[in-house]
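The values are calculated or read from the model by the stated rules, or taken from the named source; none is laboratory data. On a predicted model such as this, the values are computed, not experimentally measured, just so you know. Because the Cβ atoms are built from the backbone with ideal geometry, glycine has one as well, and the counts that use them run over all protein chains shown. Each accessible area value is taken on the protein alone, full model and side chains, heavy atoms only, with ligands, DNA and RNA left out. Shrake-Rupley method; radii C 1.70, N 1.55, O 1.52, S 1.80 Å.
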Amino acid sequence: MTKNKVWQGRFTGKSAQEVDVFNSSISFDYVLFEEDIAGSIAHAKMLAKQAIISEEDTASIVDGLQEILMDLKNGTLAFDPDAEDIHMFVESVLTERIGEPAKRLHTGRSRNDQVALDLRLYVKKQLTEISQQLLDFEEVLISQAEQHLETIMPGYTHLQIAQPVTFAHHVMAYAQMIKRDIKRIEEVMEHTDSMPLGNGALAGTTYPLDRQFVAEELGFGSVTENSLDGVSDRDFVIDAAYALSMIMMHLSRLSEEVILWCSQAFQFVELDDAFATGSSIMPQKKNPDVAELVRGKTGRAYGNLQTLLTVMKGTPLAYNKDMQEDKEALFDSLSTVKLALSAMIPMVDTMTANKERMREAASKGFINATDCADYLTKKGVPFREAYGVIGQLVQTCIEKDLTLEEVSIEMYQSLHDLFDEDIYEAIKLENCVTKRSIQGGPAPEAVQEQIVNLKNQLGLS
Ligand code: ARG
């Protein structure tokens, strides 16, 4: 740990070992090695192009960096736990390996714009992967929906039986949330797509760097416009943490439903054995641990978002070491979402809906009471009046333990003379659903249209 630092020159004494340990970020920022090397290669090429360093030096730097990349990937080079961070590590290995030219690499650059670059590249790569996972999830949700366009289930408000819907309609509600998550990620990508090299430590540089060239080499759409902001902007990290929190919130809501649906009280779905776990003591148990863990891990994502907002709130311009604290929170949110999706997608794909149980549950709780009132309204009775009549009817049915289907025509007619035999058709659950064919409604044709629209919006076939 007491190796000489590149910045040792200004000091007469060595840093305390506790400080080295406290200061070091290599234990977590090593994951940025590919981005760090890609950024350095682009920077070196630009330095030669601008005749700031020689073509020979750049060639040797690029070769050296490519070898380091390969060696790190195949494990022949290990990260040095004593290094200050990934940037110093790569630079010191390069210097060991190629000598003099390595010492020219950092010309016109600071670790402040370097780390900002690495992080932006990393966020772009990770979010691209997550976006693909979300698309895979959409396909699974759509496939479940397509199998259950006519599977009637109770729709709830306040977790009380409300009106009949279908399992397809319910599942597609989640597909809509995930569609927004995909869009949100696209927006975060836009905010991330600016290239900060050339901002230097804080005040740019006197070298004639070609920032546009570096941006193009690395696939950025633009360059950052203010050097003070460019080195200290972590908005894209917080945007990402927010988008990731939203994803977890959506996964957690669905998890909560899966947990309920698997319970003995509901029995709406059965999880595949591969996505459930047993108990160490109770032989009968089949637990929805995956869904529970997704729900539980949502707390981490929210915590990370809070951490990032708080880390940034008191930092004056420009770079402050506080910003090193952005990484663990961001990395944890990224890996939490990837892990959660990788377990959740096949779990939802392989779960089976129990149509009979859903239909049975939907036939309770006077789920068709609104349709009963609508029946009278469509015959001219003002809705509020019809609502009052059916309210009384429900009250009587509760006392007599009857469903609306079991009420005799005489009883209906004693409540209102506009009731006729066709009331029984009007309150049949299948009809209650198919008549809700309004755009966005649960009728099979409306859900089918929703599926077609979503596929078009997402470019799925
Ligand atoms: N490890 C540092 C970070 O993650 C890199 C930048 C260090 N810059 C500095 N001026 N000390 O923020």
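Tabulated data
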{"quantity": "Over the chain: helical MRE at 222 nm, DSSP H runs n ≥ 4 each giving -39500 (n - 2.57), nearest 500", "calculated": "-20000 deg cm²/dmol"}
{"quantity": "Principal-axis tilt of helix 444-458 within the chain, Cα atoms, nearest 10 degrees", "calculated": "10 degrees"}
{"quantity": "Rounded percent of accessible protein surface that carbon and sulfur make up, the stretch 396-461, 1.4 Å probe", "calculated": "49 percent"}
{"quantity": "Where labels lie 7 Å past Cα in the beta-carbon direction, separation of Arg10 and Lys400 in nm", "calculated": "9.0 nm"}
{"quantity": "Cut-off 10 Å between beta-carbons: net charge of the residues surrounding Met312, Lys and Arg +1, Asp and Glu -1", "calculated": "-3"}
{"quantity": "Convex hull volume per residue in cubic angstrom - Cα atoms of the stretch 140-182", "calculated": "65 Å³"}
{"quantity": "C-alpha center-to-center spacing [the stretch 126-163, the stretch 430-453] in angstrom", "calculated": "15 Å"}
{"quantity": "Portion, in percent, of the accessible area of the stretch 79-146 that falls on carbon or sulfur, probe 1.4 Å", "calculated": "47 percent"}
{"quantity": "DSSP-loop GluC sites (Glu not before Pro) across the stretch 225-259, with at most 10 other Cβ within 10 angstrom", "calculated": "Glu225"}
{"quantity": "Inter-site label distance for Leu228 and Arg359 at 7 Å from Cα along Cβ, in nm", "calculated": "7.0 nm"}
{"quantity": "Highest-first arrangement of 6-19, 260-273, 30-43, where packing means the average Cβ count within 10 Å", "calculated": "30-43, 260-273, 6-19"}
{"quantity": "For Glu385, net neighbour charge (Lys/Arg +1, Asp/Glu -1) across residues whose Cβ lies under 14 Å away", "calculated": "+1"}
{"quantity": "Relative packing of peptides 73-84, 180-191 - highest average C-beta neighbours within 10 Å first", "calculated": "180-191, 73-84"}
{"quantity": "Label-point gap, in nm, between Gln50 and Glu445 - each point 7 angstrom along Cα→Cβ", "calculated": "6.5 nm"}
{"quantity": "Relative contact order, percent, the stretch 241-396 [alpha-carbon distance under 8 Å, six or more residues apart]", "calculated": "26 percent"}
{"quantity": "For the stretch 245-402: rounded, prolate or oblate by the Cα gyration tensor [a/c cutoff 1.5]", "calculated": "oblate"}
{"quantity": "Size of electric dipole in the stretch 207-275: Cβ of Lys, Arg +1 and of Asp, Glu -1, about Cα centre, debye, nearest 20", "calculated": "160 debye"}
{"quantity": "Those residues of the stretch 322-350 whose amide nitrogen sits under 18 Å from the label point placed on Thr128, 7 Å along Cα→Cβ", "calculated": "334-335, 338"}
{"quantity": "Cα gyration tensor of the stretch 361-461 - equivalent ellipsoid semi-axes, whole Å, descending", "calculated": "33, 14, 11"}
{"quantity": "Surface per residue (accessible, 1.4 Å probe) for the chain, Å²", "calculated": "48 Å²"}
{"quantity": "Residues in the stretch 179-194 that a label on Gln212 would reach, taking backbone N under 18 Å of a point 7 Å out along Cα→Cβ", "calculated": "194"}
{"quantity": "Loop-resident sites, the stretch 322-380, for trypsin sites (Lys or Arg not before Pro), counting at most 15 other Cβ within 10 Å (DSSP)", "calculated": "Lys364, Lys379"}
{"quantity": "Length gained when the stretch Leu159-Asn456 is fully extended (0.36 nm per residue, less Cα-Cα span)", "calculated": "103.6 nm"}
{"quantity": "Net lengthening on full extension, Glu18/Phe383 (0.36 nm per residue, minus Cα-Cα)", "calculated": "123.9 nm"}
{"quantity": "Rounded Å value of the spacing that divides the Cα centres of the stretch 51-78 and the stretch 365-389", "calculated": "76 Å"}
{"quantity": "Between the stretch 186-220 and the stretch 252-326, the Cα center-to-center distance that results, in Å", "calculated": "36 Å"}
{"quantity": "Accessible-area composition of the stretch 216-312, carbon plus sulfur, in percent [1.4 Å probe]", "calculated": "52 percent"}
{"quantity": "Ranked by how many other beta carbons lie within 10 Å on average, peptides 202-210, 161-169 from highest", "calculated": "161-169, 202-210"}
{"quantity": "GluC sites (Glu not before Pro) within the stretch 385-461, DSSP loop, no more than 13 other Cβ atoms inside 10 Å", "calculated": "Glu421"}
{"quantity": "Overall Cα dimensions of the chain, principal axis frame, Å, largest first", "calculated": "100, 52, 41"}
